[in-house]
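**Q** A single structure is presented below for examination.
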């Protein structure tokens with residue numbers, strides 16, 4: 001079992017819809033979780049971090065964490081073509097080291 | 001504000017040649033520094049991390065090495081490149097303090113070994 005698992009996609013959504021990206025992790029002691037966006041050929045950029053169970057909202061983005069189910073998700077409201085990218089989930093493994101999932105490719109079509 | 005630089009941006013090297021990639025961070029002191037590799041269509045693999053000058057931890061046995069000669073400088077090296085070393089190399093930094101878990105990435109170096 002991989003430490004951090006994501007559906008590779010592509011996840012295709014129409015413009016204006018909600019995109020839902022999911023991530024599961026195996027290490028129960030993980031306390032910090034991150035979502036990065038990576039455009040093709042570019043480096044990852046941080047979207048959000050989440051540390052507590054529940055929802056955290058930032059603009060059109062909402063991160064959701066459920067530690068009991070070892071599940072973290074990212075919702076993108078009012079999806080735009082510019083949101084088309086690969087979304088990487090990362091989990092803190094301790095000692096400030098992150099474990100990344102392989103990423104989910106999102107395609108938002110007009 | 002903090003800035004992270006990597007160079008070169010792209011590199012084409014023959015098998016068996018040496019490698020040196022450089023990463024520098026501006027606007028912060030005593031950062032944690034990381035080297036990752038991303039193979040085509042794959043996730044990020046942590047190669048090395050450093051919590052201070054001369055302090056390097058290796059995550060994956062390989063023909064690569066890392067050095068940190070200055071507080072905000074991190075270098076990735078190889079004496080002899082392999083075909084499997086091709087990939088996108090990313091340097092990242094994080095604060096030592098309260099937000100130390102959040103990592104910020106440089107622009108990356110795309111390496112093609114032929």
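**Q** In whole Å, how far is the Cα centre of region B:1-73 from that of region A:1-77?
**A** 26 Å
**Q** Counting only other chains, and only Cβ atoms inside 10 Å, what mean value do you get across the residues of A:30-37?
**A** 2
**Q** Please give the average number of partner chain Cβ atoms lying within 10 Å of the Cβ of each residue in B:33-46, rounded to a whole number.
**A** Mean inter-chain Cβ contacts per residue within 10 Å come to 4.
**Q** Please tell me the relative contact order of chain A in percent, rounded to the nearest whole number, where contacts are Cα pairs under 8 Å and at least six residues apart.
**A** 38 percent
**Q** Still on this structure, I have one more. Give me A:88, B:114, B:21, B:82 ranked fewest to most by other Cβ atoms within 10 Å of their Cβ, as a rough exposure proxy.
**A** In increasing order of surrounding Cβ atoms, one gets B:114, B:82, B:21, A:88.
**Q** Here's a follow-up. Relative contact order for chain B: what percent, with Cα pairs under 8 Å and sequence separation of 6 or more?
**A** Once divided by the residue count of chain B, the mean separation gives 36 percent.
**Q** Mind listing P(r) for chain A? All alpha-carbon pairs, 10 Å bins, whole percents.
**A** In order of increasing distance, the bins hold 16, 50, 29, 5, 0 percent.
**Q** If you take every DSSP beta bridge whose two residues both sit in chain A, what share of them, in percent to the nearest 5, is antiparallel?
**A** Bridges in chain A are about 90 percent antiparallel.
**Q** With both bridge residues required to lie in chain B, what share of the DSSP beta bridges run antiparallel, to the nearest 5%?
**A** 90 percent
**Q** Pick from B:51, B:25, B:60: which residue has the top mean-square fluctuation in a GNM of chain B where Cα pairs under 10 Å get a spring?
**A** With Cα springs under 10 Å in chain B, the top fluctuation among B:51, B:25, B:60 is at B:60.
**Q** In a solvent-free Debye calculation with one equal scatterer on each Cα, what is log10 I(q)/I(0) for region A:31-82 at q = 0.22, 0.24, 0.25, 0.27 Å⁻¹, listed in the order of the q values?
**A** -0.84, -0.95, -0.99, -1.08
**Q** If you build the convex hull over the alpha carbons only and average its shadow over all orientations, what do you get for region B:1-81? Give it in nm² to one decimal.
**A** 5.8 nm²
**Q** For peptide A:46-55, compute the average count of partner chain beta-carbon atoms within 10 Å of each residue's beta-carbon.
**A** Counting other chains' Cβ atoms within 10 Å and averaging over A:46-55 gives 1.
Just so you know, all these numbers are worked out from the coordinates, no wet-lab data involved. Since the structure is predicted, the reported quantities are computational estimates derived from the model, not experimental observations. Note: ideal-geometry Cβ built from the backbone for every residue, glycine included; neighbour counts use all protein chains shown.
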